[in-house]
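Visitor: To start, I am sharing the structure in question, which I have written as structure tokens.
The values are calculated or read from the model by the stated rules, or taken from the named source; none is laboratory data. Predicted model only: the values in this text are computed from it and were never measured. Neighbour counts run over all protein chains shown; Cβ positions are idealised from the backbone, glycine included.
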Amino acid sequence: MAKDSCYARSERDKLYVWIAPPGWRPADAAARFPKQEYDPHRDFIRFDPPRSLALNLYVLVQLTVLIGANSHLLSLLPKAGNLAERLVLCLHPGEPGDVGRRAGESP
């Protein structure tokens with residue numbers, strides 16, 4: 001694509017190369033530097049590595065645990081009140097009034 005963009009004579013073709021459908025080439029670049037036509041059925045190789053049963057079960061357990069944890073968190077949100085304030089208070093090690101002050105700075 002970069003070569004086709006450089007070799008194209010038209011400014012429009014230089015930009016269109018980057019957003020055109022796969023296999024499209026500027027006519028002048030294709031005439032000067034011929035390539036085999038793009039065929040997605042011929043050129044496509046599906047990525048499907050072999051997986052063991054243990055890996056499949058591990059992934060299933062992880063997915064189930066994450067869905068359960070997210071569902072629990074979402075069920076607690078209506079009861080949480082001001083969630084942003086609670087998160088700041090939980091994550092800040094100082095007193096509640098110290099939020100926003102630097103260490104050692106007095107009020």
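Visitor: Being out of contact with any helix residue (DSSP H, G or I) (no Cβ under 6 Å at 6 or more places or on another chain) and modelled with pLDDT under 85 narrows it down to one residue among PRO107, PRO50; which is it? Lay out the reasoning, then the answer.
Guide: Working: PRO50 fails: modelled with pLDDT under 85.
After ruling out the rest, the residue left standing is PRO107.
Visitor: Limited to region 9-24, what total is found for residues that are in contact (Cβ under 8 Å) with a residue 12 or more places away in the chain, closer than 14 Å to LYS35 by Cβ and surrounded by 14 or more Cβ atoms within 10 Å (Cβ to Cβ)?
Guide: Qualifying residue count, region 9-24: 1.
Visitor: Determine, yes or no, whether ARG42 is loosely packed, with under 11 Cβ neighbours inside 10 Å and at pLDDT below 85. Before you say what the answer is, go through the steps one by one.
Guide: On the way: loosely packed, with under 11 Cβ neighbours inside 10 Å: yes; at pLDDT below 85: yes.
Answer is yes for this residue.
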